[in-house]
Amino acid sequence: AVPQKFTIDPLKAMKNTSLNLKVAPRQNVIGMSAGAAVTTQVCATLEARELPDDDQRAPVDILVALDVSASMSGNKVKLCQSTLELLLRQLTSNDSFGLVAFSDDATIEIPITKLTASARTAALRKVKSLVTRCSTNISAGIGLAAQELQSMNVKNEVRSIFLLTDGHANRGVVNPDDMCELARNCLNVPNCPPISMHCFGYGTNHDAGLLRTLSSCTQGGTYYFVQDDSAVTGAFGDALGGILSVVAQNTVLNIQVPSTAREAGVKILEVYHDNKVRIDDWNFKVSLGDFYAEESRDTLFQITLSNCDLTSAHVNVTVSYMDTIEKALVTSGEEPCHIARPEGNSISAPSAHVEVQWFRVNAVQDMKRANDLASQGNLEEAKRSIETSLEQAQNHAYTSHPMICQLKTDLDEVKSGLRSVSIYDRVGVKNMHSTMLSHAQQRCTRSAGDQASNHYRSSKKSMMGRKFM
């Protein structure tokens, strides 16, 4: 049960690197007498390469865990059957596919196997025969899906579970914290390729908080709010477009203050990322998970400024990851961040990119606060928080920037979901969770038919989404 191992080929990785690292301070000149400036922000940006021809992509293992409780009967299960048929037709004989159905308990409907011509025909036939049953045992679905994936003798490097449910767990493990612990223990197995879990909440009666948290238990996981029947195929298409374009995995950013900068008083005060690990005041590691082709991801952090003009960098950043295209383990060279500290009060113009990303980070925090307020029943205060963030976006110096435009669209939608308690419970909380996760990850989590021009949607996601519409 050993996956294909990557070999280290530094020359090949350097020539065809899948990720490009850039580091920029908010301002690269801050005079020693420049007002009260004692700290600044730095942005580390990783940009993923375009994907070469489809026959060069990494093969995938996909296990669908499908809710077949009674509430999924009728048109819902028929649309899911049609969507699974579309998914099966997009995979190749190098990919593996399996299906677990869950209701009172979970059953293996299609054992995970390579999609040979005969296996594809058998899978399509089985999908058409699915029937709905009784309750909703999400934990059984997750557990059996993970067990089936881990049982494979030959594992592909890109592995995913697509979990689709339209309700709340009412059988098996029902406590959200316990279910998330179960997911972490089942899916994060040492010495095995990572498994991402993509959760699809179908309709307005599912537990958005649970699905968002479950998706966050794995690197690269996402949560899609599938509001109506027409959106389910587009959501699967968008997610599959990402899975079939993975170019890097297990990406880790290393932020370090060099010794000369330490002696000059430079420290890392904060890293604005959920998956950060503080080693000490001068060293942080940030786990960024997987990257789809063409994705760009930004990690912002706050540092103290030096007490003198340094010839060395304030910080150095490196990145390490598994390159799924070049089949190599890659560690980049150090990318320095220089900030000049001349005498006087001169300050350079701020970086437009860092300004935009700093606003994104703060907008995500505003949405988190609004969600906490709304979940406590304080919708008016939650709405004011979103309105403030929306006004800042509209008045931002770079208000026409594509990311700011995306934020304005999404914040306005979040605001509309706070009009009343009933609207929030039915739709607003789902949109809030999906939007927060999308902007935190800088990854599209929308059905292809929902937001055709989403800023985070790559060309591969767009292409696959069109095939599913």
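Worth pointing out:
- Contact order, relative form, for the stretch 17-141: 25 percent (alpha carbon pairs under 8 Å, 6 or more residues apart, mean separation divided by residue count).
- Sequentially through the stretch 258-270, phi angles give Karplus couplings (6.51, -1.76, 1.60; θ = phi - 60°) of x, 4, 5, 6, 4, 5, 8, x, 7, 9, 9, 7, 7 Hz, Gly and Pro residues having no value and appearing as x.
- Among (i) 22.3; (ii) 24.3; (iii) 20.5, the entry derived from the coordinates for mean projected area of the Cα convex hull in nm²: (i)
- Residues whose amide H falls under 5 Å from that of Ala65, counting only those 5 or more places apart or on a different chain, are Val100, Phe162, Leu163, Leu164, with hydrogens built in the peptide plane.
- Accessible area expressed per residue, the chain, with surrounding protein chains retained (probe 1.4 Å, Å²): 40
- Each peptide in 69-78, 139-148 was scored by the mean count of other Cβ atoms within 10 Å over its residues; highest first, the order is 139-148, 69-78.
- Each residue of the stretch 175-188 was assigned a 3J(HN,Hα) from its phi angle through the Karplus expression (A = 6.51, B = -1.76, C = 1.60, θ = phi - 60°), giving 6, x, 5, 5, 5, 5, 5, 4, 4, 4, 5, 7, 9, 9 Hz with x at Gly and Pro.
- Sparse-neighbourhood loop sites, trypsin sites (Lys or Arg not before Pro) in the stretch 380-469 - DSSP loop, at most 15 other Cβ within 10 angstrom: Arg419
- Normalised contact order of the chain, rounded percent, pairs of Cα under 8 Å and 6 or more residues apart: 21
- For the stretch 104-244, the relative contact order comes to 21 percent (Cα pairs under 8 Å, sequence separation of at least 6).
- Tensor-based shape of the stretch 101-257 (alpha-carbon gyration tensor, a/c under 1.5 rounded, otherwise prolate or oblate): rounded
- Cut-off 15 Å between beta-carbons: net charge of the residues surrounding Asp67, Lys and Arg +1, Asp and Glu -1: -2
- The chain, accessible surface, carbon-and-sulfur percent (1.4 angstrom probe): 49
- Put simply, the amide H of Thr92, placed in the peptide plane, has no neighbours under 5 Å, leaving out anything fewer than 5 places away on its chain.
- Sorting the segments 330-336, 180-186 by their mean number of nearby beta carbons within 10 angstrom, highest to lowest, gives 180-186, 330-336.
- Exceedance of the 27 Å cut-off in Cα-Cα distance is limited, within the set Lys383/Lys461; Lys126/Lys155; Lys128/Lys467; Lys415/Lys460; Lys22/Lys461, to Lys383/Lys461; Lys415/Lys460.
The values are calculated or read from the model by the stated rules, or taken from the named source; none is laboratory data. All values reported here derive from a predicted model rather than from experimental measurement. Methodologically, a virtual Cβ is constructed for each residue, glycine included, from the backbone with ideal geometry; neighbour enumeration extends over all protein chains shown. We work out accessible area using only protein heavy atoms, side chains counted, and drop any ligands, DNA or RNA first. Shrake-Rupley method; radii C 1.70, N 1.55, O 1.52, S 1.80 Å.
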